[in-house]
Amino acid sequence: MRSGRMTKEDLDIVNVELLEKLDLIVDGKLKRAGALCFYRNPEKIIGGCYVKIGKFEGSELLYQDEVHGSLIILADRVIDLIYLKYLKAAISYYKETRVETYPFARDAVREAVFNALIHCNWADNVPVQIRIEDDAMYISNCSMLPFGWTVETLLSTHVSKPYNPDIAKVFYRAGYIESWGRGIQKIRDACKNLGADEPEYIVHGEDIMVKFSALQSAKVSDAKALNVLKDVTKDVTIEVKILNLIKENASITTTDMARQLSVNRRTIQRGLEVLKSRGTIERKGGKRYGYWEVYE
C-alpha cells in the first residue's frame, strides 16, 4: 500500500481473496509460490527454502546463521542480520553529523538478496548462501539464465524474465522490486555511489553468484571497531538510536526496536513519545499496515 501498488481496499479482504488477486490460487488450490511467499514454515514444502549466512576468514568459518521463514520474512530479516551482526561501519563526522559507512552498499546487497530469493530454483532444495569475508561478499543461489543469455546479457539493458514469475509478482506488489529488469543496474549504481568496485557475476552451470568487493576505506578491524563504538555511543541517546532504526525501516515494530537495542519495550515507547512530541516522527496508518514518517 505504501508503494502505491495496492490500495487499502485491496488489502482489507480475507487472505483467500488476496491470494487470488495475486494469482496464487488455481482451481481452489494454493500454488507452491504462494506457500513459499507467505507460509511461515515453507521448508515443509521445499526443504531448502531458507538462507544460510557465514562469516569467513580465509577458508575458516568463524560463525554462521540460518534464517528461516516465508520469503517475505526472509527479505527483511536477512538484510538486518547482515548489517547488525556481520558488518561493522567506519565512523566519520560531517560537521556535527555522525556518518556510518559500511564496506558494502546496503541498497546493492538488498537488491541482490531479493534477486536471489526471487530467481532461486527452490526445487533443488539448496538454500540461498551468503559468504562474508573482510574483502568480499558472495551471494549465490541455484538458478539458470534465460535461454541464450550470457553474463554480458545480464549486465546490459534487458527485459525482465524472472525465474519464478509468481514470486516476482508478490515482491513487486510489496514494493520490494521493480518490474523492468533494472535490478542489476541498481546494484551497480549503488556500488558506484559508495565508491566501491562494480560487482562481479559468476555463472557455474545451475548456480549464479554475485561477488561484492569491499570498499577498503570502510573496513574496520575488530579492535578499532570496539574503540570507536565506545567513543561514539556513550553520548548517543535512545531517541537517536530509535530514529536511526526508523530511518532504516519505516515499518519496524517496537518489539524489533527493543530487541535490536537490547532494551525493554517501555523504554522504546518513552523514546517514541519524545520524538513525537518534538515533531520528529509521526505514525501513519494502523497497527497492521502502519509506518513511521520522519520529519527533519
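List of remarks:
- Scan of the stretch 1-50 for residues that are hydrophobic (A, V, I, L, M, F, W, C) and in contact (Cβ under 8 Å) with a residue 24 or more places away in the chain, ordered by number: Met1, Met6, Leu11, Leu22, Leu24, Ala33, Leu36, Cys37, Phe38, Ile46, Cys49
- Helices (runs of 4 or more DSSP H) lying entirely in the stretch 103-184 (those with 3 or more residues that are under 26 Å from Leu81 (Cβ atoms) and in the same structural domain as Ala214 (by TED's automatic domain parsing)): 106-119, 165-173
- Taking the numbered list (1) among the hydrophobic types (A, V, I, L, M, F, W, C); (2) modelled with pLDDT of 90 or more; (3) in contact with a Ser or Thr (Cβ under 6 Å, 6 or more places away or on another chain) in turn, Ala218 passes all entries but (2).
- Evaluation of Gln185 against (1) under 19 Å from Ala75 (Cα atoms); (2) polar (S, T, N, Q); (3) surrounded by 15 or more Cβ atoms within 10 Å (Cβ to Cβ) (one fails), failing number: (1)
- Qualifying residue in the stretch 141-148 (condition: in contact (Cβ under 8 Å) with a residue 12 or more places away in the chain, touching an Asp or Glu at 6+ places or on another chain (Cβ under 6 Å) and crowded, with 20+ Cβ neighbours inside 10 Å): yes
- Arg77 vs. criteria farther than 18 Å from Asp256 by Cα, assigned to a helix (DSSP H, G or I) and without any contact (Cβ under 8 Å) to a residue 60 or more places away in the chain: no
- Against the test of being within 26 Å of Asn244 (Cα to Cα) and modelled with pLDDT under 95, the options Ile79, Ile130 yield a single qualifying residue, Ile79.
- Qualifying positions in the stretch 24-74 - out of contact with any strand residue (DSSP E or B) (no Cβ under 9 Å at 6 or more places or on another chain), of a type in the set (Gly, Ala, Ser) and in a loop (DSSP other than H, G, I, E, B): Gly28, Gly47, Gly58, Ser59, Gly69, Ser70
- Residues of the stretch 1-20 satisfying the condition of being part of a helix (DSSP H, G or I), within 16 Å of Tyr289 (Cβ to Cβ) and not acidic (Asp, Glu): Lys8, Leu11, Asn15, Leu18
- Flag if Asp189 is modelled with pLDDT under 95 and part of a loop (DSSP other than H, G, I, E, B): no
- Residue match in the stretch 84-99 (condition: part of a helix (DSSP H, G or I), hydrophobic (A, V, I, L, M, F, W, C) and either surrounded by fewer than 16 Cβ atoms within 10 Å (Cβ to Cβ) or modelled with pLDDT of 95 or more (or both)): yes
The values are calculated or read from the model by the stated rules, or taken from the named source; none is laboratory data. Since the model is a prediction, treat every value here as computed from it, not as a measurement. Here Cβ is always computed from backbone atoms with ideal geometry, including for glycine, and neighbour counts include all displayed protein chains.
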